[in-house]
Amino acid sequence: MTRKPLAETIATAAAGAALAGGLGSLLGVALPAAVVGGLNGAISGRRRIYDWGSTKGVAAFAIDSTWSLTTTTAGLMAHGVAALRGDPRYSPELSERKNRHVYGRGFQPRKGFAITLGNVVNGAGDVSHPRRAKLVTDHEDVHVWQARWFGPSYPVLYVGWMIGGGVAGVLVWATARRDQPLTKVVESCAYYLNPFEWWAYSRDDHWPPHGKVDQLGWKRPAVRSFASFR
């Protein structure tokens, strides 16, 4: 490790621990919070993910170390899984100064699907392919920032929709869409129609996605795609 990354690692770890510990002290969990903030700072500082030259980068670090500490903890778990798997295919080109970590493999419950926990994108696949790189920059990065903006409510809202949507999907299939496989209707209601996914797929200029049951749920994109701004 050269001197510059070492200095950034130490400084980011110390600042992360201080911010998280300060917040944790208000909730009676100063030590565990400081450990999470420090570990995130150390890993992120070593890999130089935060763009310190921009307001966005400073805000990303501050939020990761405070308001979204819950999802940052989940991100640390993803780092652990990636380390245990071996050859997680970390992508420096999509991570350094991008305010996120990107693994080609890592924690990947469903083959072929990427998943984002906190500031860690997992299962990005072969990011040398333009489509997989765009999946990271235009879809998964939306989830990174959703986790930051919504903080501790993000996993509750996301998982809550999946559970409620799953139940709704069974009812929709039983009453109106028995021409489609049950699993596809449930997946459409629980996953594709999840507002957080609708938002991310729309930003990726990929709405409606191929896996969603036709004519079920939202017809139009939630927001303009990033491609439309370029």
* Structure fact -> Scanning the range 159-174 residue by residue, those among the β-branched types (V, I, T) and without any contact (Cβ under 8 Å) to a residue 40 or more places away in the chain turn out to be V159, I163, V167, V170
* Structure fact -> Filtering the range 31-83 down to residues that are outside any helix (DSSP H, G or I) and surrounded by fewer than 16 Cβ atoms within 10 Å (Cβ to Cβ) yields W52, G53, S54
* Restricting attention to the range 166-197, and to residues there that are closer than 17 Å to I115 by Cβ and out of contact with any Lys or Arg (no Cβ under 7 Å at 6 or more places or on another chain), which single residue is surrounded by the most Cβ atoms within 10 Å (Cβ to Cβ)? -> E197
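Values quoted throughout were computed directly from the atomic coordinates according to the rules given, and no laboratory measurement underlies them. These numbers come from a predicted model, not from an experiment. Don't worry about glycine lacking a Cβ; one is built from the backbone with ideal geometry, like all the others, and counts go over all protein chains shown.
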